[in-house]
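Taking it in order: structure first as structure tokens, then the write-up.
The values are calculated or read from the model by the stated rules, or taken from the named source; none is laboratory data. Since the model is a prediction, treat every value here as computed from it, not as a measurement. Reconstructed Cβ throughout: ideal geometry from the backbone, glycine too, with neighbour counts over all protein chains shown. These accessible areas exclude ligands, DNA and RNA; they are computed on the full protein's heavy atoms, side chains included. Shrake-Rupley method; radii C 1.70, N 1.55, O 1.52, S 1.80 Å.
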Protein chains: 2
Amino acid sequence: MRKPNRQLHLNLFVAPMGHHEAAWRHPDTNVNQPFDFAYFRRIAAKAEAAKLDSLFFADRLSASPGMVRYGAAGGLEPLTLLTALAVVTRRIGLIATVSTSFNEPFNLARRFASFDHLSGGRAGWNIITSGTDEEAQNFNLNRIMDHAERYERAREFLDVATKLWDSWEEDALICDQQAGLYADSAKVHEINHKGRFYSVKGPLNVSRSPQGRPLLVQAGSSRDGRRFAAEFAEAIFTAQQTFEDARHFYRDLKRQAEQFGRSPEHVIVLPGICPVIGRTEEEALEKQAELNALSNPAHSLLMLSKRVGFDLSGYRLDDPFPDLPVEQVRGHVSRTDLIVRLARSENLTLREVLHRLAGGRGHRTIAGTPEQIADFIEHWFTHEAADGFNVMPQIMNGGFDDFVDFVVPELQRRGLFRTEYTGATLRDHYGLPVPANRFSREHAQGL
Amino acid sequence: MRKPNRQLHLNLFVAPMGHHEAAWRHPDTNVNQPFDFAYFRRIAAKAEAAKLDSLFFADRLSASPGMVRYGAAGGLEPLTLLTALAVVTRRIGLIATVSTSFNEPFNLARRFASFDHLSGGRAGWNIITSGTDEEAQNFNLNRIMDHAERYERAREFLDVATKLWDSWEEDALICDQQAGLYADSAKVHEINHKGRFYSVKGPLNVSRSPQGRPLLVQAGSSRDGRRFAAEFAEAIFTAQQTFEDARHFYRDLKRQAEQFGRSPEHVIVLPGICPVIGRTEEEALEKQAELNALSNPAHSLLMLSKRVGFDLSGYRLDDPFPDLPVEQVRGHVSRTDLIVRLARSENLTLREVLHRLAGGRGHRTIAGTPEQIADFIEHWFTHEAADGFNVMPQIMNGGFDDFVDFVVPELQRRGLFRTEYTGATLRDHYGLPVPANRFSREHAQGL
């Protein structure tokens with residue numbers, strides 16, 4: 001059933017302490033990790049030694065005083081941190097989340113082009129739209145734009161950014177010192193973009209980078225998000241609880257990508273997985289229980305309220321999970337939908353939902369032996385519910401180590417995962433081509 | 001005459017090839033330098049070994065096809081590059097130029113706080129307003145805002161940014177794993193800024209960084225720029241051609257700073273100096289002539305036109321420098337004024353002006369032996385025309401080496417310049433305090 005050329009891909013989703021909301025309280029965690037570059041450098045080196053495709057940081061443009069009381073929020077800006085990691089690593093891909101909602105395309109295109117140069121072609125951009133009023137209020141607004149407008153804006157933003165990345169053709173730089181010719185100005189293009197949201201003349205002030213543009217990643221699984229992903233994204237992060245849901249998502253996305261004229265192999269689907277690893281399944285479940293016991297329900301409730309965009313503080317923890325007005329959600333639409341379906345399908349109380357979400361915010365948790373986790377990965381991969389996984393250790397110290405020390409070698413033994421890097425760039429790792437430069441194409445066609 | 005505690009300061013202003021517009025054509029230059037991180041790393045290591053206070057990159061938010069034909073424009077975004085340099089250096093300060101005109105204060109405050117954390121307190125921000133229509137056209141505008149509005153906006157931008165940097169008090173992080181308390185939410189503050197240009201709720205999502213905020217640097221010498229510098233800047237870059245002008249500027253700035261209630265020692269004045277160093281004065285002048293001979297008048301004229309915001313392409317090179325409508329200039333006001341005064345005072349032709357500007361765009365060039373250059377530096381420093389210098393090698397390879405190999409040791413022999421770093425942060429190097437946190441002050445006063 002496995003296609004001969006299919007390669008399993010593994011991305012490490014780094015949360016500074018770990019993905020479990022209480023990871024920071026665990027005795028193995030050093031609470032200074034989020035601001036300790038040496039720590040991140042060790043993580044990156046470990047991921048690179050394990051030959052992972054990439055590592056990745058999420059982002060959020062706010063942190064309220066309430067959020068930081070019981071929870072470890074606030075840290076280094078992802079692209080800043082990944083830029084620093086770029087010059088102390090050699091092979092692993094580096095994916096930074098940056099929002100389209102409150103940035104200028106020129107600034108973003110420039111930072112990513114610089115990052116791609118500095119990393120030697122290992123840059124990836126996880127494209128998000130910011131979804132909360134709290135974030136909007138840091139950027140001159142009272143309320144966040146509605147979901148459809150956010151995506152309309154993101155689409156135009158991406159259009160401008162890709163034009164800017166193409167504005168220097170690959171061979172634009174001449175650098176003839178004798179003749180005094182630095183660039184072929186016929187190969188450096190104004191883009192003259194004028195749209196509904198942006199008006200940008202160009203060209204970019206950075207020459208073409210090794211990958212042409214960063215790898216484009218997307219993580220929204222709503223209807224708008226999925227459509228956006230199918231049209232533009234080269235790798236997709238998604239939260240899927242069951243094999244059936246994951247396979248449905250996978251097929252739907254590949255089908256939609258084909259409708260946009262894209263090759264389905266050029267759209268890599270990576271569901272999140274939160275592994276909890278023990279020598280026995282029992283030990284793994286104990287580790288899970290140990291972390292869950294450190295959760296603070298008041299904090300969990302606050303974070304869930306922010307996630308679904310609805311204040312849950314008035315509800316009783318041991319009552320059935322309340323009906324949420326899903327239609328009114330303005331924030332994380334698909335995640336809210338996932339949570340509501342999970343609660344209904346298993347008749348969970350509010351407290352039970354909080355426990356389920358504690359380890360990975362709705363991503364699939366699996367506690368077991370390395371073999372069990374490898375079985376799970378092999379099953380989803382082989383039966384085309386996933387092209388690989390977005391690996392989200394519940395706790396970094398210990399948890400991530402167990403994954404690279406025990407699960408990765410098991411996957412390698414099974415012939416599922418690489419034992420050496422074969423390429424130099426992030427696109428190489430994911431088997432993705434460098435997109436053609438639209439201006440070079442025009443030359444080639446004699447336009 | 002020298003005050004006992006005065007320390008000479010040296011900042012390296014890095015232009016990837018060198019500050020001479022033809023540096024890229026020189027046989028000692030490798031044209032790939034602007035995208036070669038290993039090269040920048042060597043420069044930074046050399047500057048650090050020489051115990052310089054800091055290194056610095058300028059910025060511009062555009063590059064037209066015409067500009068890159070004969071000139072080496074376009075390169076890595078400064079803050080991105082300096083972030084990467086932060087993790088491969090240990091002591092030297094790192095100053096990045098970022099414009100207030102086309103950024104959001106929340107994003108900028110966050111990047112600099114992250115940069116200050118990653119560098120262990122070595123971050124500096126050169127605050128600029130963007131001054132050209134060409135830049136405005138990359139950010140949804142046809143024309144740049146007028147000079148006064150740019151500074152009004154910059155003032156409010158800075159107000160928001162400093163509030164955000166104060167929004168986490170120094171001791172806000174508790175990190176009590178046992179009790180499950182991460183931060184003291186009473187010490188994490190919403191800023192609730194509502195002004196003419198910005199509305200920002202806060203707090204920042206990065207905790208307080210080692211320096212509290214980056215060192216604030218400013219480089220505008222117009223009336224508005226000077227006032228802004230006197231009120232806010234801790235270090236000032238300025239272009240001064242003569243000792244008299246420099247001393248006048250120095251006194252005026254310190255006096256204005258005092259009027260704002262600031263200590264004049266906390267405003268460091270750093271005129272630009274473009275040293276051309278030879279074993280004899282004759283050899284230095286030959287080096288200067290060699291570089292000047294590589295200039296392309298068509299390119300020089302284009303760059304001057306952009307600098308003064310006035311198209312000079314219709315003028316004849318050997319006619320007297322034309323009258324410029326200085327009052328109508330919307331771009332670099334003080335630099336235009338300097339150029340016009342220079343041309344008039346010496347009755348220069350347009351070609352002669354181009355030659356004078358080729359090496360440092362209006363900054364003071366000095367060609368001579370290491371002793372002559374040290375004499376110049378000592379004279380301006382001792383007689384309070386400068387607290388130190390913004391060192392702008394006309395060519396990096398060779399030129400910067402000569403400065404650190406011959407001029408710096410001479411300054412050290414004379415007891416003018418440090419032989420070891422005595423502090424850890426950029427503020428330490430410049431002898432500047434960490435500004436008090438406004439919210440901690442309120443606590444202290446029982447408000």
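Copy A relates to copy B by a rotation, and the A residue whose beta-carbon is nearest that axis, with the distance in whole angstrom, is A:Thr83, 2. Estimated from helical segments only, the mean residue ellipticity of chain B at 222 nm is -11500 deg cm²/dmol, where each DSSP H run of four or more residues counts as -39500 (n - 2.57). Any chance you could look up the accessible area of A:Phe56 with a 1.4 Å probe, heavy atoms only, rounded to 10 Å²? Rounded to the nearest 10, that gives 10 Å². Relative to the other identical copies, A:His248 shows label-point distances of 7.8 nm, where the label point lies 7 Å from Cα along the Cβ direction and values run shortest first. With a Förster radius of 51 Å applied to the C-beta separation of B:Arg255 and A:Arg143, the computed FRET efficiency comes to 0.60.
A Förster distance of 22 Å, applied to the separation of the beta-carbon atoms of B:His248 and B:Glu346, puts the FRET efficiency at 0.70. Exposure check, 1.4 Å probe, all protein chains in place: A:Ser114 carries approximately 0 Å² of accessible surface.
Averaged per residue, chain B has 38 square angstrom of accessible surface, using a 1.4 angstrom probe with ligands and nucleic acids left out. The angle between the Cα long axis of helix A:147-166 and the main principal axis of chain A comes to about 40°, on a 0 to 90 degree scale. Spatial offset of the range A:105-143 relative to the range B:87-134 amounts to 16 Å, using the alpha carbon center of each. By DSSP, the beta bridges lying fully in chain A are antiparallel in about 15 percent of cases.
Placing a label point 7 Å from the Cα of A:Arg196 along the Cα-to-Cβ direction, the residues of the range A:90-130 whose backbone N falls under 16 Å from that point are A:101. Summarised as an ellipsoid, the range B:123-221 has semi-axes of 34, 15, 11 Å, derived from the eigenvalues of the Cα gyration tensor scaled by 5 and square-rooted, with the largest first. Computed from Cα positions, the angle between helix B:37-49 and the longest principal axis of chain B comes to roughly 80 degrees. Using only the alpha-carbon atoms, how far is helix B:333-345 inclined from the longest principal axis of chain B? Give it as 0 to 90 degrees, nearest 10. The angle comes out near 30 degrees. Once the label point is placed 7 Å from Cα along Cβ, list for A:Ser199 the distances to the corresponding points in the other copies, in nm, shortest first. For A:Ser199, the other copies' label points sit at 2.4 nm, shortest first.
Magnitude of the charge dipole for the range B:125-217, about its Cα centre and with charges confined to Cβ atoms of Lys, Arg (+1) and Asp, Glu (-1), is about 160 debye.
Sorting the segments B:380-387, A:429-436, B:393-400 by their mean number of nearby beta carbons within 10 angstrom, highest to lowest, gives B:393-400, B:380-387, A:429-436.
Mind scanning A:Lys46/A:Lys287; A:Lys306/B:Lys163; A:Lys46/B:Lys187; A:Lys51/A:Lys254; A:Lys163/A:Lys254; A:Lys51/A:Lys287 and naming the pairs with a C-alpha gap bigger than 30 Å? As for pairs spanning more than 30 Å Cα to Cα, those are A:Lys46/B:Lys187. For chain B, a simple Cβ point-charge model (Lys and Arg +1, Asp and Glu -1, everything else neutral) yields a dipole of about 620 debye relative to the Cα centre. Residue by residue, the range B:226-231 carries 3J(HN,Hα) couplings of 5, 5, 4, 4, 4, 7 Hz when phi is fed to the Karplus relation 6.51 cos²θ - 1.76 cosθ + 1.60 (θ = phi - 60°); x denotes Gly or Pro.
Placing a label point 7 Å from the Cα of A:Glu281 along the Cα-to-Cβ direction, the residues of the range A:343-387 whose backbone N falls under 19 Å of that point are A:364-380. Pairing chains A and B buries close to 6200 square angstrom of accessible surface in total, based on protein heavy atoms and a 1.4 angstrom probe. Take every Cα pair under 8 Å whose residues are at least 6 apart in sequence, average their separation, divide by the length of chain A, and the relative contact order is 23 percent.
Summary for B:Asp36: label point 7 Å along Cα→Cβ; distances to the equivalent points in the other copies, ascending, 3.7 nm.
Looking at the protein assembly as shown alone, DSSP beta bridges between its own residues are antiparallel in about 15 percent of cases. Here the protein assembly as shown exposes an accessible surface that is 47 percent carbon and sulfur, computed with a 1.4 Å probe and the other protein chains kept in place. Placing unit charges on the Cβ atoms of the charged side chains and taking the dipole of the protein assembly as shown about its Cα centre, the candidate lying farthest along the positive direction among A:Asn140, A:Ala44, B:Gln288 is A:Asn140.
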